[in-house]
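Report on one structure; see the data block that follows.
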Amino acid sequence: MSRTIETLVRQHRDCDSAIEQVEASVRAKDWNAAAAAFACLEAALQGNFNTEEQRLFPAFEQAMGFSNGPTAVMRHEHDEVRGLLDNAREWLELQDISALAAELDTLVVLLQQHNVKEENVLFPMCQAQVRGLDALLADASPGAAT
């Protein structure tokens, strides 16, 4: 597995951990900790999405000669995640445990399904098709890689 793919998979796991922190803080009704954990979650997801959307996906699309394939699906799912984050942020601000828990559950399921597709389908395709894949993200800032 290339360093690039390892980095992206690690980003996925960091996002999973961030969601767990939000959920634990909400269960404890520690709203300050929940807000801080949620900010970390948003930053982790946005960093991952930026890395994929600004670097990986364009390189794959150029290598393949089209942009309406798997990367279009992944971008759409990124947008769905962003929408769920917006909803969750509102429930967090209202301190509505039930609504927030339901939103986070939906987010977890969507991210699990999304990450399986990226890690088992798209990333191997990128590894096979994109020349210089590791160099592609070598200059990514540390903030973009978490």
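Computed about the Cα centre, the dipole magnitude for the chain is approximately 420 debye when only Lys and Arg (+1) and Asp and Glu (-1) carry charge, each at its Cβ.
When the chain is treated as a Gaussian network with alpha carbon springs shorter than 10 Å, the biggest mean-square fluctuation among 128, 39, 101 belongs to 128.
Does region 3-64 come out rounded, prolate or oblate by the C-alpha gyration tensor, with a ≥ b ≥ c the root eigenvalues, rounded set by a/c under 1.5 and, if not, prolate when a/b is larger than b/c and oblate if not? The shape class here is prolate. Taking the 0 to 90 degree range and rounding to the nearest ten, how far is the long axis of helix 3-27 tilted relative to the main principal axis of the chain, both from C-alpha atoms? Taking Cα atoms only, the helix is inclined about 10 degrees. Dividing the C-alpha radius of gyration of region 3-139 by 2.2 N^0.38 Å, with N its residue count, gives 1.13.
Under a Gaussian network description of the chain, with springs only between Cα atoms under 10 Å, the residue in 32, 87, 50 that fluctuates furthest is 32.
When the charge dipole of region 93-137 is built from unit charges on Cβ atoms (+1 for Lys and Arg, -1 for Asp and Glu) and taken about the Cα centre, the candidate among 116, 101, 130 whose Cα reaches farthest toward its positive end is 130.
Once the Cα-Cα distance is subtracted from the 0.36 nm per residue extended length, the residue 39 to residue 95 segment shows a gain of 18.6 nm. Here each label is just a point 7 Å from Cα along the line to Cβ, and for residue 105 and residue 135 those points are 4.9 nm apart. Annotation: the residues 49, 66, 60, sorted from fewest to most other C-beta atoms within 10 Å of their own C-beta, follow the order 66, 49, 60.
Rounded to the nearest Hz, the phi-derived 3J(HN,Hα) couplings of region 114-121 under the Karplus curve 6.51 cos²θ - 1.76 cosθ + 1.60 (θ = phi - 60°) are 4, 5, 4, 5, 5, 6, 9, 10, where x marks glycine and proline. Counting Lys and Arg as +1 and Asp and Glu as -1 over every other residue whose Cβ lies under 12 Å from the Cβ of residue 77, the net charge comes to -2.
Computed from the coordinates by the stated procedures, all read-outs in this text should not be read as laboratory data. In this text, all values refer to a predicted model and were calculated from it rather than measured experimentally. When we count neighbours, we look across all protein chains shown, and the Cβ atoms used for this are built from the backbone with ideal geometry, even at glycine.
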